Amino acid sequence: MKIIVANWKMNGNFEFADKFVEEINAVDSKNTIVVCPPTALLCRFHSFRYYIGAQNCYCEEYGAYTGENSPKLLKEAGCEYILIGHSERRHIFQETDDLIFKKWQAAIAQNLTPIVCIGEKSCDRHNWKQAISTQLNSFLKKDLHSSIFAYEPVWSIGTDLVPRFDEIETIFEFIRDLLRATVPLLYGGSVSSQNASQLLNYARMDGLLVGRASLKINEFKRILIQ
Ligand code: PEP
């Protein structure tokens, strides 16, 4: 059984969410399916038969943090998973490794399953070991038994460029060695129905993080039934 996570980013609306829930509820999949819609759409997922996740959270429980959502509130809204440190959070919103680690701690404290996103930028492509080690540094020697990690090379997100399978395998091996824990490890970056089954079979991965392809219902269904 694999974990398939959909990240809608800042896309979708009430009408699309309702259609998505109806159509994906009709899919019988042996995989664990997690959908992360924008926060304002979480209320449309009450009848969803699979899991829902948040795309982000803040690291405090309450307080004067305008525009933010706490893991506690997201849990109350029905989330069981939460994306932490997505590359768009790191690069557009300048989230640091330190803040990302605090968010991970806050999510764990609410019994949410964090999906920690890591991956090198295109300028670090030849220096990926250094980039990934830096992002993972705070997580070393921590109890990771309820966490998921997602390797998402930044240069692959939204570009239709996908690393070779042997490259992904090498990087997965590096991440597993570094974490010294058997955490589920996902791949994300330009996943489509064309490459999903090969990715799942060849690279010994535990699942996929899907961006654009999760916004096309038929395309996403094809990925779910791999
Ligand atoms: C993502 O944003 O996490 C992602 C993988 O996007 P895409 O599938 O569109 O490359």
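Exactly which trypsin sites (Lys or Arg not before Pro) in region 181-226 are in a DSSP loop and have at most 15 other Cβ atoms within 10 Å?
Here the trypsin sites (Lys or Arg not before Pro) that fit, given the DSSP loop and packing criteria, are Arg204, Lys216.
Total Lys pairs in region 91-226 closer than 27 Å by alpha-carbon, pairs eight or more apart in sequence or interchain only?
Number of lysine pairs found: 14.
Taking a probe of 1.4 angstrom, what is the accessible area of Cys43 in Å², to the nearest 10?
70 Å²
May I ask you to list, by number, the DSSP H helices of the chain whose Cα span along the axis is at least 20 Å and whose average Kyte-Doolittle hydropathy reaches -0.5 or more?
165-179
Tell me the mean residue ellipticity at 222 nm calculated for the chain from its helices only (DSSP H runs of n ≥ 4, each -39500 (n - 2.57), averaged over every residue, nearest 500).
Counting only the DSSP helices, I get -9500 deg cm²/dmol.
Can you pull the one-decimal nm distance between simple spin-label points at Ile92 and Asn201, each 7 Å off the Cα toward Cβ?
Reported label-point gap for Ile92 and Asn201 is 3.5 nm.
At Arg125 and Asp28, where each label point lies 7 Å from the Cα along Cα→Cβ, what is the point-to-point distance in nanometres?
Result for the modelled spin labels: 4.4 nm.
Compute the Cα gyration tensor for region 52-162, then decide on rounded, prolate or oblate, letting a ≥ b ≥ c be the square roots of its eigenvalues: rounded whenever a/c is under 1.5, prolate when a/b is larger than b/c in the other cases, and oblate in all that remain.
In terms of gyration-tensor shape, prolate.
For a label point 7 angstrom out from the Cα of Arg180 toward its Cβ, which stretches of region 99-124 have the backbone nitrogen within less than 20 Å?
Of the residues in region 99-124, none has backbone N under 20 Å from the label point off Arg180.
Order Val154, Val183, most accessible first, counting only protein heavy atoms with a 1.4 angstrom probe.
Final ranking, largest accessible area leading: Val154, Val183.
If DNA, RNA and ligands are ignored and the probe is 1.4 Å, what is the ranking of His91, His145 by accessible area, most exposed first?
Reading off the accessible areas and sorting them downward yields His145, His91.
So how exposed is Lys129, as accessible area in Å² (1.4 Å probe, rounded to 10)?
110 Å²
From the square roots a ≥ b ≥ c of the eigenvalues of the alpha-carbon gyration tensor of region 21-75, which class results: rounded (a/c under 1.5), prolate (a/b over b/c), or oblate?
Prolate.
Choose one answer from Pro184, Pro163, Pro153: the residue with the largest mean-square fluctuation in a GNM of the chain with alpha-carbon springs under 10 Å.
In this elastic network of the chain, the residue with the biggest mean-square fluctuation among Pro184, Pro163, Pro153 is Pro163.
The values are calculated or read from the model by the stated rules, or taken from the named source; none is laboratory data. This one's a predicted model, so the numbers in the text were calculated from it and none came from an experiment. Every residue, glycine among them, receives a Cβ derived from its backbone with ideal geometry; neighbour counts consider all protein chains shown. Side chains included, ligands, DNA and RNA excluded: accessible areas come from the protein's heavy atoms. Shrake-Rupley method; radii C 1.70, N 1.55, O 1.52, S 1.80 Å.
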